[in-house]
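Everything on this sheet refers to the single structure shown next.
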């Protein structure tokens, strides 16, 4: 039987020893971010310059932040209730506007991007505040704190949307920095002070599952891009092998993240006395490089499948090695947060990828892709074999 709901009529009912399931409407909401991830990867592919990479990084950080904040709010609110569902449907509309403006956010549609982003962040948080009963003082104060910080950053986003060139970039970087430091600063505001760690308790299993699903979104986008690109080409031995290498690489990434890490994370956060602190570190921050690595790998897949022969140019080298490298850095830090030790297999994989960088210019794009895929397979197999034993024994590996 469900426990009493102390949080309010729109909040989830917490059942002891059972994590809240991810609802169908949450999965429906996530579909918008399949499009957003595709837009981010395609924008990077077509603007693969140092400045273009900075632009895409800012846009990616915004996409991730609006999604993960929504995951936090739906961890508390009950998406099965009509008002919460309507909120998510409106967020989907905002997400579609946000996604469609990504390719030209630093050109003609910057204001549209800024307005969509600010409206989503402020609107969702205001709804959370409205949905919280007055007697839930700590929760209401948290919502007020976050709304205050987001209101300040919204002004920077909109000011950037009204500006051009470098001014827009610097204003948006300031907005991103402000939002990303706010959880670490515990959303301090005058009079209300700092947010308490206890007030940020989450239903850990649900949070872990939500972030795992976003990893699936990113991996799925990489597979879709790979398949769509391959379908348009005249099939040769080289691009068939490139297609297979990209798919096996995606499977290896899935294996590295899901075979042990996702399950261990869900179990660890479900049992943690400080679930909010762990969710902030492991899922809010450390999943960011995991997703970024998958997106960068999707860029590599398209480049290599289209042009498997010849010498690897800088775009191919950076994306083909950088994608798995950033992914492994994210996963080793994530698993350290949930297990308390650094996974040796991941560390060796990082070293091998960095070593491969020295020889990358002498390899064809196909050869580079196969080499990085082999490294990811080694990491996945090594971890699977080492963690077949206890965590203490695995640490020795």
Worksheet item: Taking only Cα atoms, what is the 0 to 90° angle, nearest 10, from helix 137-162's long axis to the longest principal axis of the chain?
Response: 50 degrees
Discussion item. Please compute, for the alpha-carbon atoms of the range 24-200, the extent along each of the three principal axes and give them in descending order in Å.
Written reply: 51, 38, 24
Practice prompt. Under a 10 Å cutoff between Cα atoms, tell me which one of 327, 214, 359 has the largest fluctuation in the Gaussian network model of the chain.
Written response: 359
Fill in: Label zone at residue 309 (point 7 Å along Cα-to-Cβ), backbone N below 18 Å, the range 350-376
362-370
Response to the item:
The residues 135, 259, sorted from fewest to most surrounding Cβ atoms within 10 Å, come out as 135, 259
Worksheet item: With axes computed from alpha carbons, what is the tilt in degrees of helix 365-386 against the longest principal axis of the chain, rounded to the nearest 10 within 0 to 90?
Response: 60 degrees
Worksheet item: What length, rounded to one decimal in nm, is gained on full extension from residue 89 through to residue 234, with 0.36 nm per residue of separation minus their alpha-carbon distance?
Response: 48.1 nm
Response to the item:
From DSSP H assignment alone, runs of 4+ in the chain each adding -39500 (n - 2.57), the sum over residues rounded to the nearest 500 puts [θ] at 222 nm at -24500 deg cm²/dmol
Worksheet entry | Degrees separating the helix 344-359 axis from the principal Cα axis of the chain, which is the longest one | 50 degrees
Discussion item. Principal axis extents for the range 204-396, Cα atoms only, whole Å, descending order, please.
Written reply: 55, 31, 26
Worksheet entry | Overall Cα dimensions of the range 18-84, principal axis frame, Å, largest first | 46, 24, 16
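Throughout, read-outs are computed from the coordinates displayed, never taken from laboratory work. The structure presented is a predicted model; accordingly, all values stated were derived computationally and were not measured. Reconstructed Cβ throughout: ideal geometry from the backbone, glycine too, with neighbour counts over all protein chains shown.
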